[in-house]
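Any read-out appearing in this document is the output of simple, stated calculations on the displayed coordinates, not a laboratory observation. If you're wondering where the values come from, they're calculated on a predicted model, not measured in any experiment. Cβ: placed from backbone, ideal geometry, glycine included. Neighbour counts: every protein chain shown.
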Amino acid sequence: MYKIAVLGDRDSVLGFKALGLDVFPVKNREEGRQRLHRLARENYAIIYMTEQLAAGLEADIARYKDEVVPAVILIPGKGGSLGIGMSNVTKSVERAVGADIL
Amino acid sequence: MPATTVNPTRMELTRLKGRLRTAIRGHKLLKDKRDELMKQFMDVVRENRTVRAKVEQSLMRAHASFTVASALMSTKMLEQSLLYPKQSVELDMSFQNIMSVEVPVYRFQTKNQDPGDVYPYGFAATSGSLDDAVDALSEVFQDMLKLAQIEKASQLLAEEIEKTRRRVNALEYVMIPTMEENIKYITMKLDENERASTIRLMKVKDMLLKEAIEAKREQEASAIKAFEEKSGAPDEG
């Protein structure tokens, strides 16, 4: 059985606790980075991460991009969507096709 | 000239021709694989975009309700309300094979089956906005799971397409032309050798003929001389 984690600033992720997901509020980027790598080693198949936190951790997230487990999925935090998640979709198209054709 | 040194032998030529055949066949197969992957990938990515847009929108609504709730309630109360969830989620993962790319498929099970009973707190001390937020989150959760599945699939497919594309290009623009050039080089070299040996034979034959003619001439000359000597002696005598 796998688990689902939610990673981000306290106010953005607290609500997910009601759904029964494992919530890990982090205060700063460094803590987020360590938490992300630790969760990836544990039994977490999906790690939701706020875009605000992900903004400085591109390299760390890219490490799990080609792995089947875990899936690191960006979600907008409390501050609104930064468009990083959407641009990642575009990036994967560019990676596959060589140009953004959508 | 080929970039690497190849032995211009018949054996090498046969080997190279076999390799070229395999390379061309592999190239065709990989190209088909790339095209099919691309087709699948475009579908997945399109869905990814729509699901992501939907999730982001719904999440923003949930966040808005949550912000209102956290403004109406004290931080301590809010945390206390959410501290012990009623609900728990277990995730089951299986794999789906898209063109030999293993893509995860998630299935989740909630411990609490009743969707109306997700609030882990009493209603007396909490704001209605918190209910809205939790409601919105539990609604969007289905889509979030779908998003995770699709996004992972699109990432894995993108990686596979990139790999396949590189292989196709390497075969098409490097391997196959090099091999063709090597084969051409060997054929030319072998033809050249053959011509050389023909010429050599002709030369040798020429030389032999010349020698034979010379020998014949010498023989004839000496015969004439002998004849002259024989017939000339009585004239003088």
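Annotation for the stretch B:179-233 versus the stretch B:1-62: alpha-carbon center distance of 60 Å.
Can you give the direction-averaged projected area of the convex hull of the alpha-carbon atoms in chain A, in nm²?
So the mean shadow area of the Cα hull is 6.8 nm².
In this Cβ point-charge picture (+1 for Lys and Arg, -1 for Asp and Glu), the stretch B:85-237 has a dipole of about 500 debye about its Cα centre.
Cβ crowding within 10 Å ranks B:Phe123, B:Phe108, B:Phe141 as B:Phe123, B:Phe108, B:Phe141, fewest other Cβ atoms first. This ranking places B:Thr5, B:Thr67 by how few other beta-carbon atoms lie within 10 Å of each, fewest first, which gives B:Thr5, B:Thr67. Peptide A:71-81 has a mean of 6 when you count, residue by residue, the C-beta atoms of other protein chains within 10 Å of its C-beta. What the Cα atoms of the protein assembly as shown give is an Rg and a Dmax of 40.1, 166 Å.
Inter-chain neighbour count for B:53-61: the average number of beta-carbon atoms from partner chains within 10 Å of each residue's beta-carbon is 4.
Number of Lys-Lys pairs in chain A with C-alpha atoms under 20 Å apart and a separation of 8 or more places or on different chains: 6. Per-residue shielding of B:96-104, expressed as the average number of other chain Cβ atoms within 10 Å of the residue Cβ, stands at 1. Measure nothing but the geometry: give the 0 to 90° angle between the long axis through the Cα atoms of B:10-72 and the longest principal axis through the Cα atoms of chain B, rounded to 10°. Value to nearest ten degrees: 20.
Among A:Arg41, B:Arg46, the order by Cβ neighbours within 10 angstrom, fewest to most, reads A:Arg41, B:Arg46.
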